[in-house]
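Every number in this text was worked out from the coordinates using simple rules, so none of it is lab data. This structure is a prediction, so every number in the text was calculated from the model and none was measured. Note that we place each Cβ from the backbone using ideal geometry, even for glycine, and neighbour counts take in every protein chain shown.
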Amino acid sequence: MRITGLTAVAAGALILPAILAPAASAEVDDITIYTWGDGGMPAACDYVGAECHVMARMFGSDYDLPATVTINGRELGSAERLDYPDRQRSAIRGTWRPPAKGTYTIEATQGSSTKTLVVEVTGDARFGSGSAGLLPSGSS
């Protein structure tokens, strides 16, 4: 009986610090993606070859933990990390050009927090900044 009591006290001594310890606090807040449209206004990044600006924002007391942004499992190649210690926030931003029509999943991960954003690229490549934005077909 005495050994059982000591075992319970020892187990409680191990569990109590785990309960009282602060939890790691880092969370992906959101993911945004846009391109610059006509007139310099942000627009949907929904056509092949668009220069898409991707940003994932993180927050929490552990905002400085490593974070990644991937598109269909491949790391965002031009990623730049921004840290804002006074606000306990960070961000990863970069550019991406959709190579083909299709569905792309952008995933941001920091610690155990993950958010995803699905982007549908449905338009053909655009050239120039004209309103038509497509190459002429050659027919008249």
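When V54, V48 are ordered from fewest to most other Cβ atoms inside 10 Å of their Cβ, what list results? Please report the intermediate quantities before stating the final value.
Values: V54 23, V48 16.
Least crowded to most crowded, the residues run V48, V54.
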Using per-residue counts of other Cβ atoms within 10 Å, averaged over each peptide, order 40-47, 105-112 from highest down. 105-112, 40-47
If I take R0 = 35 Å and measure r between the Cβ atoms of V118 and R87 in this structure, what FRET efficiency does the formula 1/(1 + (r/R0)^6) give, to the nearest 0.05? 0.80
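Dipole size in debye (nearest 20) for segment 27-121 around its Cα centre, Lys and Arg Cβ +1, Asp and Glu Cβ -1?
Working: 9 positive and 14 negative charges, 36 e Å.
Magnitude of the dipole: close to 180 debye.
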What does the charge count around R57 come to, taking other residues whose C-beta lies under 12 Å from its C-beta (Lys +1, Arg +1, Asp -1, Glu -1)? +1
If we count every other residue with Cβ under 15 angstrom of S90's Cβ, Lys/Arg +1 and Asp/Glu -1, where does the sum land? -2
